[in-house]
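Below is one structure, written out as structure tokens; comments come after it.
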Amino acid sequence: MLSTIAGKTTIVTGGSKGIGKGIAKVFAAQGAKVMIAARTEEAAKAAVAEITAAGGTAAYHLCDVADWAEVEGLITATKAAFGSVDILCANAGIFPQKKMVDMSAEDWDGVMATNLKSTFLCVKACIPEFEANGQGRVIVTSSITGPVTGYPGWSHYGASKAGQLGFIKTAAMELARYNTTINAVMPGNIVTEGLEGLGEGYLATMAASIPLKRLGSVEDIGNAALFFASDEAGYITGQQIVVDGGQILPESLEAIAEI
Ligand code: NAP
């Protein structure tokens, strides 16, 4: 049994859909007050309704996490709604697939801004809150794609996800003086609206290549994030955990066929 995060204000960027919504639901079920940040109102509103219908506490704020002024607005709105910021789940991300021959400089910059620059911006914006509280927690959603594996069409995405892991090493050192930890979850293939957009064929071949023979659920990632937010994880910082059903383990097609 982990210590409680009940009453702790948690910002979940990209909390209106997919993994972020899963994290938001897991944290709200533990009594956290959840602020969902995303750009599209309909989905954000629906996610808040889902959480409150289940007895949780949640609100949303529309914001582009790649824009500093909008991220500052997110912190202001969170404090106005819930009084503080205790935990940041920097999760928002995009994964448009484009091979390098077709990729423009703008494509590259767009993915870097939404996935990597946003991580820095959101963490930076929370520092005064963590300093005022005397403690804080940051959980970053990275990926296996980039840090561990590759996939054609995701050179920019993979670089952004590996960049997040590079970022947390130094960020952990700089945040230590605020009694704040920062760690990353590296999901494998998790069933989300975004992943479903890649088509049934992709989902089926992916599931077949995973030793546990299923795609992950958003709760699988939410539970890993919850651990990093707990008191019990208080001495872990600058680290990452793969949550992928064993997807990165097989050395070859023969190895997976042996299971
Ligand atoms: P998703 O279902 O497409 O959801 C993405 C979320 O991010 C939405 O809430 C979206 O809302 C928000 N978002 C996107 N761009 C934003 C921006 N500029 N500002 C604010 N919010 C923004 O994606 P997902 O599959 O849950 O992925 C979430 C995270 O997990 C990403 O960082 C992704 O790299 C990582 N991940 C996913 C998988 C997987 O298998 N699904 C695997 C490894 C890692 P709006 O569009 O309304 O802004």
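The rows are residues; the columns are (1) without any contact (Cβ under 8 Å) to a residue 40 or more places away in the chain; (2) closer than 18 Å to Thr145 by Cβ.
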| residue | (1), (2) |
| --- | --- |
| Thr180 | no, no |
| Val185 | no, yes |
| Ala207 | yes, yes |
| Phe228 | no, no |
| Asp231 | no, no |
| Gln239 | no, no |
| Ser252 | yes, no |
| Ile259 | no, no |
Inside segment 83-103, the number of residues satisfying the requirement of being more than 16 Å from the ligand (Cβ to nearest atom) and over 21 Å from the mean Cα position of the chain (by Cα) is 6
Given the structure, is Thr114 in contact with a Gly (Cβ under 6 Å, 6 or more places away or on another chain), near the ligand (Cβ under 10 Å from one of its atoms) and open to solvent by 10 Å² or more (accessible area, probe 1.4 Å)?
-> no
Mind listing whichever residues of segment 214-239 are within 16 Å of the ligand (Cβ to nearest atom) and either open to solvent by 70 Å² or more (accessible area, probe 1.4 Å) or part of a loop (DSSP other than H, G, I, E, B) (or both)?
-> Arg214, Leu215, Ser217, Glu219, Asn223
For the subset of segment 1-25 comprising residues that are in a helix (DSSP H, G or I) and open to solvent by 20 Å² or more (accessible area, probe 1.4 Å), which member is nearest to Ala184 (Cα to Cα)?
-> Ile19
Consider only pairs whose beta carbons are under 9 Å apart and that are at least six residues apart or on different chains; among these, list those whose first residue lies in segment 26-49 and is in a loop (DSSP other than H, G, I, E, B) and whose second residue is among the acidic types (Asp, Glu) and away from the ligand (no atom under 11 Å from the Cβ).
-> Ala32/Asp86
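The values are calculated or read from the model by the stated rules, or taken from the named source; none is laboratory data. Worth saying up front: this structure is predicted, and the values here are computed from it rather than measured. Glycine gets a Cβ as well: all are built from the backbone with ideal geometry, and neighbour counts include every protein chain shown. To get the accessible areas, we keep the full protein, side chains included, count just its heavy atoms, and leave off ligands, DNA and RNA. Shrake-Rupley method; radii C 1.70, N 1.55, O 1.52, S 1.80 Å.
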